[in-house]
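A short write-up of the structure that comes next.
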Amino acid sequence: MNPVVMQLTVRGLLGRRRSVLLVVLPVLLLGLAALTRWASDGSPTASAGLTGTFAMGTLLPLMCLLIGTGVIGPEIDDGSIVYVLAKPVPRRSILLAKLAVALGTTLVFAVLPIMVGAALAGDDGLRLTAAYGLAALLAGVAYTTIFVALSVLTRNAVIIGLLYALLWESVLGGYVPGVRDVSVRQWALAPAEQLLGARAADWGVVSAVSTPVGIVLLVVVTVGAVWLGVRRLKTLRLAAAD
């Protein structure tokens, strides 16, 4: 990973308008968490409902979409990526540097707020907070990597990502049995369900797949997205050179 590329990526990501949404969405979650605690008297079941439905199903994929497409997508759209690719830096290092920035941003602006929201809405010995923190971390890594790769693969990454995040992961992935089996959200919830043990069913933290299957699928998708992103970035450099 190249520190100069990482520094430029941080400056570009946090200096754009989308950085406002990186703050607004977590604040919205914390506001809803406070309201949930007041309305349910700190019930872990209500907290799990808010975190599992809104935080994991809507906020997390949207945040990862904003971050993942923001670290490299705008540079490809305006053509400035050529200047980065022209440097004597391996293309793999460029993508990994941008991915590292994206993952760090996801941790700060998405995973941590989800954990705080779960604790604020209601918990039992922070068990729900730990479980959803683990699920958000696993899903966040996969989502962010997918969206970074998608930004390299197509100029319509935001549109495709929105359809995927809101339709596939949030709506279909939460309710349609066949789709649940191939949902990043469901894969990430599997370790959380195992961590909660017998309380998982009581609080509604249930995954469509087993923990080993979920972890293997998350690893395969994440590694595959990195491989596709690096492969496509090589083509972009060759095209620019022509």
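Table for the structure above
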read-out	value
Residues that are modelled with pLDDT of 85 or more and among the hydroxyl-bearing types (Ser, Thr, Tyr), drawn from the stretch 8-50	Thr36, Ser40, Ser43, Thr45, Ser47
Test: residue in the stretch 33-54 that is surrounded by fewer than 19 Cβ atoms within 10 Å (Cβ to Cβ), among the β-branched types (Val, Ile, Thr) and under 27 Å from Ile160 (Cβ atoms)	yes
All positions within the stretch 115-144 that are in contact (Cβ under 8 Å) with a residue 40 or more places away in the chain and of a type outside the set (A, V, I, L, M, F, W, C)	Gly117, Gly122, Asp123, Asp124, Arg127, Tyr132, Gly140, Tyr143, Thr144
Whichever residue in the stretch 197-242 is at pLDDT 90 or above and loosely packed, with under 14 Cβ neighbours inside 10 Å and, among such residues, is farthest from Val89 (Cα to Cα)	Pro212
Options Gly12, Gly52, Gly31: the member that is over 30 Å from Arg92 (Cβ atoms), in contact (Cβ under 8 Å) with a residue 24 or more places away in the chain and in a helix (DSSP H, G or I)	Gly52
Qualifying residue in the stretch 181-196 (condition: surrounded by fewer than 23 Cβ atoms within 10 Å (Cβ to Cβ), in a loop (DSSP other than H, G, I, E, B), under 17 Å from the mean Cα position of the chain (by Cα) and modelled with pLDDT under 90)	yes
Check on Thr45, among the hydroxyl-bearing types (Ser, Thr, Tyr) and closer than 9 Å to Ala121 by Cα	no
In the stretch 138-163, the residues that are surrounded by 21 or more Cβ atoms within 10 Å (Cβ to Cβ) and of a type in the set (A, V, I, L, M, F, W, C)	Leu138, Ala139, Val141, Ala142, Ile146, Phe147, Val148, Ala149, Leu150, Val152, Ala157
Cross-chain or 6+ apart pairs with Cβ under 8 Å, the stretch 145-160 first and over 14 Å from Met63 (Cα atoms), then not in a helix (DSSP H, G or I)	Ser151/Val71; Ser151/Ile72; Val152/Ile72; Ile160/Thr154
Candidate set from the stretch 70-94 (those that are within 15 Å of Leu233 (Cβ to Cβ) and under 17 Å from the mean Cα position of the chain (by Cα)); member that is modelled with the lowest pLDDT	Gly73
Tabulated pairs, the stretch 191-215, first more than 19 Å from Gly57 (Cβ to Cβ), second of a type in the set (Val, Ile, Thr) and modelled with pLDDT of 85 or more, C-beta under 8 angstrom, 6+ apart or interchain	Gln194/Thr211; Asp202/Thr45
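The values are calculated or read from the model by the stated rules, or taken from the named source; none is laboratory data. Predicted model only: the values in this text are computed from it and were never measured. A quick note on method: Cβ atoms are made from the backbone with ideal geometry, for glycine too, and the neighbour counts reach across all protein chains shown.
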